[in-house]
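Here's the structure we're looking at; comments come further down.
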Amino acid sequence: MTDKNVLNASHLVKAFGGGRTQVRAVDDVSLEIGRGELVLIMGPSGSGKTTLLSMIGGLLRPTSGQVVLDGTEITALNESSLPGIRARSIGFVFQAFNLLEALTVEENILFPSRLLPGGIGEATGRAEYLIDQLGLSERRRSRPATLSGGEKQRVAIARALINEPPLILADEPTGNLDSVNGQAVMMILHDVVRDEGRSVILVTHDPRAEDVADRILWLEDGRLRDRKNEQHVWVRDPVCGMRVDEWTAEITTQLDGQRYVFCSQRCLERFQASPEGYLGNTEVQP
Amino acid sequence: MWQWTFKNMFSTPLGLASSIAAAGCAFSLVMFFEAVFAGEAEQIVAYVEHADADIWVMQRGVSNMHMSTSYLSDWKATQIADVPGVASAEPILYLNSVVEAGGKQWFSYVVGLDVPGATAGPWAMVAGKVEPGIGEAVVPDVLARMSDVGLGDKIRITDQNFEIVGLSDGTFSIANPVFFITKTDLEDIMTSLDITSFVLVKAEPGVNPTDLVDRIESNVEKVHALPAKQFVINDRQMALQMGAETIALMTVIGGALAVLLVAFTIYSQITRQRRELAIAKALGVTNRTLYLTVAVQACVITLASVVFATGFTLIAIPLTNAFLPQVTLLLMPISVVRIGLVGVLVAVAASIIPARQIARVDPLSAFQA
C-alpha cells in the first residue's frame, strides 16, 4: 500500500457453499485504486461485481484476501468496528437510491454525519454546499416520495459525500434513470473525482460511463482484467439496428455458428421468432 | 438517528395511536382492578378510620378489626376507664354476620353500641336516627337502596328482626357494609352477656397516646392497646392483603398483554422498514444504536400507554362511582407508580424480539435493486 492509493485489495476470494457445489463469486481479485481515480467495473450479470463491491465496502467478509482502505486493513477488523469505517471512509450510491422515506432531502443528506462523533455541526455547511451544487435547493424540504429518479440519485450522491469519505462506491447508479439523468449523474461522479479528489469505484452496465472513467476493469466469472486499452467491438443489433458493444453485451444468441448481440430482450425475442428476416444486419461502419 | 427513529414512529400515526390505546387499555384494566381493591379497602377501614378514638383496646393477640375476633370482659372496659390519662372508654361489640335485607343477604359488620350516649356509631347520616334503640338498626343508605328497603322496614340479623331507624352514609362496602344495633341486642344474638370486642379510648388533653397505650397494657391484664393510627394501618393492610394475589395476577396478565401489543407494534414497524434498516446499517449505523432506537420506541409507546391508562382511569373512576354507588373506586398514586414500573419491564421485554429481528437484517440487501 502506498500513499497514492486509497484502496488496496489483494487476492480477494469469496466462495459460497462448499464441496462440489461451491461457487467462487470472486476469485483471486487484486485491485488498487489511486486517490482521485474513477474506476469502472463492468461485467455481465452474476459476474461478482456487487460481491466485490460489498467486500471493498466492508459489508461482506471475504473468504480469503485482504482489503486495505485508506491505510486501515478492514478485513482484520471485528464486526463492531466496520460500521464506523463505512460511515467515515466510504460513500455508498445505490441503484435503488435507498433514501430514508421519513426524512426530507436535507435530513437524508445529513444522516451519515450524525453517525460520526462530531455530529452534524460542521456537516451543515457542507450539506448547504452540496444541496446547492447538485441543484437541490428547491427540494431541500421535500420527501423522497415526491422526487424524480434523477433528484433521488443526486440526494444519494450528496449523502455519500457529506462525510467527505476518500472512496465512493457506486453500484449501478444510473440503472434506474433515463438517459438524460443517467448522463447527469455520471458527470456529477466525474466532478467528484476531478474537483474533490475523491476516488470512485463505479459498477455499471452503462457504456456511457466509459467516457468518464480513468480505468475500466472487466469482471467475469469472478476474475478481473483490465480493459482500458482494448477496443470496442461495435456491432449492430440485427433487429432494431442499434449499435451495441459486443464485449459488454449480455443479450446474445448463437445461430448457425454465428454470435448475435442485442440491445434488449425484446429484440432477442423478435429475432428468435423469425431470424431469417434479420440475418446480415450486423455490420457496422468503424 | 433519533430524528429518523421518531419520524418513522409517527409516519403511521393511526397505527401508533391504536397500539398506544390498546396497550393503554391493558394497563387501564390493571389500574381499574387495583382501584376496585383500593376503594374497597378504604371502605372496609372506613368505620375504624372515622371512629372517634385515640386508642383501640382489644383482646391480646389481636391487632385489627377486619375479619378478626376479639373478646374482652365488660369489666375490663371499666378498668381501662380508670387508667390515669384516659378521658373516656367506650365498649363496642362486633360480629361478622350475614344480614338479610329486602330478600338479599349481605355479609356484614354488625356493631353493637353501648347506648345511650354512644359515640362509636355512624359518623354521617342520610336519614333517621343516629343511635338505635332495642330492636332497631341503622343501616347503610346504599345497601338500603340496593335492597329496596327504607326507614320502618325490617332487616334480619341471624334469627332476629330489626326495624330500620336510620340510614347512614359512607358505611357501605361490597365486602363489609356496617350495621349498627345496640350492644344489648348483639349480646343477645351472640348469647353472651357482659362481653366487649373493642374499647375505644379517648386520651385526656395533653396525654400522649403512645404513653397511654403502655399504661393501659400494664394496668389491665391480657389486653392489647394500639394507637388509632396504627390500628387503621393494620386494618388497611389486612384488607389490601386479601386482594394482593389477585392484583398481582391481574398485573401479570395486563403486563403480558401490553408486552405483546407493544412488541407487535415495533415488530411490524421493523418488518415494514426492513429495507431502510439495511440501508442504515450499510451507511454505518451500528446494531447497538438500532437496538437502542427499538428500546426507546418501546419506552415511548409504553410511557404513552401508561399516561393513556392513567387518564382513562381518572375519567372512568368518577363516572363509575356516579353510576354504581355500591362500588367505590380509588386510584392510589402507588398504583400509577407500580404500573409505571411494570411499564419499564414491558418496554424491555417488548424490545427483545424486535432487537433480534434487527440483528438479522443484512446490510447487503441495500444493494438489491
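Each value in this text was obtained by applying a stated rule to the coordinates, not by laboratory testing. None of these values were measured; they are calculated from a predicted model. Cβ: placed from backbone, ideal geometry, glycine included. Neighbour counts: every protein chain shown.
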Per-pair calculated FRET efficiency, R0 = 51 Å: B:Arg288 and A:Arg259 via Cβ, rounded to 0.05: 0.45
Residue (of B:Met238, B:Cys299, B:Ala41) at the positive-pole extreme of chain B, dipole from beta-carbon charges: B:Cys299
Cleavage-rule hits, trypsin sites (Lys or Arg not before Pro), region B:159-261, DSSP coil, Cβ neighbours within 10 Å at most 13: B:Lys222
Percentage relative contact order, region A:5-226, counting C-alpha pairs under 8 Å, at least six apart: 30
Ranked list, fewest to most other Cβ atoms within 10 Å of each Cβ, for A:Trp234, B:Trp4: A:Trp234, B:Trp4
Order of B:Val262, B:Val98 under a 10 Å beta carbon neighbour criterion, fewest first: B:Val98, B:Val262
Karplus (6.51, -1.76, 1.60) ³J(HN,Hα), θ = phi - 60°, over region A:66-75, in Hz, Gly and Pro reported as x: 9, 10, 10, 10, 6, x, 10, 7, 6, 6
Placed amide H near B:Ser88: partners under 5 Å, 5+ positions off or other chain: B:Lys202
Neighbour net charge for B:Val223 - beta-carbon separation under 11 angstrom, K R +1, D E -1: +1
Near-label residues of region B:37-64 by backbone N, under 18 Å of a point 7 Å along Cα→Cβ of B:Ala124: B:39-53
Amide H within-cut-off set for A:Gly91, under 5 Å, with H built and near neighbours excluded: A:Leu167, A:Ile168, A:Leu169
Centroid-to-centroid separation of region A:133-199 and region B:265-333 [C-alpha atoms, Å]: 39
Percent RCO, i.e. relative contact order, over chain B, from Cα pairs under 8 Å lying at least 6 residues apart: 28
Share antiparallel - DSSP beta bridges, region A:5-226, percent rounded to 5: 55
Highest to lowest packing among B:48-55, A:122-129, A:209-216, scored as the average C-beta count within 10 Å: B:48-55, A:209-216, A:122-129
Relative exposure of A:Met42, B:Met1, judged by other C-beta atoms within 10 Å (fewest first): B:Met1, A:Met42
Helix-only CD estimate at 222 nm, as mean residue ellipticity for the protein assembly as shown, using -39500 (n - 2.57) per DSSP H run (n ≥ 4): -13500 deg cm²/dmol
Helical segments meeting 30 Å axial Cα length and Kyte-Doolittle -1.0 threshold in chain B (DSSP H): B:13-44, B:228-272, B:287-323, B:333-359
Label-point gap, in nm, between B:Ala87 and B:Asp52 - each point 7 angstrom along Cα→Cβ: 0.9
Distance between region A:204-219 and region A:43-122 - C-alpha centres, whole angstrom: 21
Cut-off under 5 Å, modelled amide H: who pairs with A:Gly34 long-range: A:Val6
Beta bridges by DSSP in region B:61-221, antiparallel share as percent, to the nearest 5: 75
From phi via Karplus (6.51, -1.76, 1.60), per-residue ³J(HN,Hα) for region A:244-251 in Hz, x at Gly/Pro: 10, 7, 5, 5, 9, 4, 10, 9
For chain A: rounded, prolate or oblate by the Cα gyration tensor [a/c cutoff 1.5]: oblate
Rounded to 5, the percent of DSSP beta bridges in the protein assembly as shown classed as antiparallel: 70
Using a Förster distance of 22 Å, the FRET efficiency for B:Met242-B:Gln105 (Cβ separation, nearest 0.05): 0.65
B:Arg275 paired with B:Thr78, simple spin-label distance in nm, labels 7 Å along Cα-to-beta-carbon: 9.5
Spatially proximal lysines relative to B:Lys154 (Cα-Cα < 21 Å; intrachain offsets below 8 disregarded): B:Lys104, B:Lys129, B:Lys183
Per-residue HN-Hα couplings for region B:92-98 [Karplus 6.51, -1.76, 1.60; θ = phi - 60°; Hz; x = Gly/Pro]: 10, 10, 9, 9, 8, 8, 8
Model label zone, A:Asp191; criterion: amide N under 16 Å from point 7 Å along Cα-to-beta-carbon; scope region A:116-131: A:126-131
A:Thr63 paired with A:Ala15, simple spin-label distance in nm, labels 7 Å along Cα-to-beta-carbon: 0.4
Computed E for B:Ala256/B:Leu364 - FRET, C-beta separation, R0 51 angstrom, nearest 0.05: 0.90
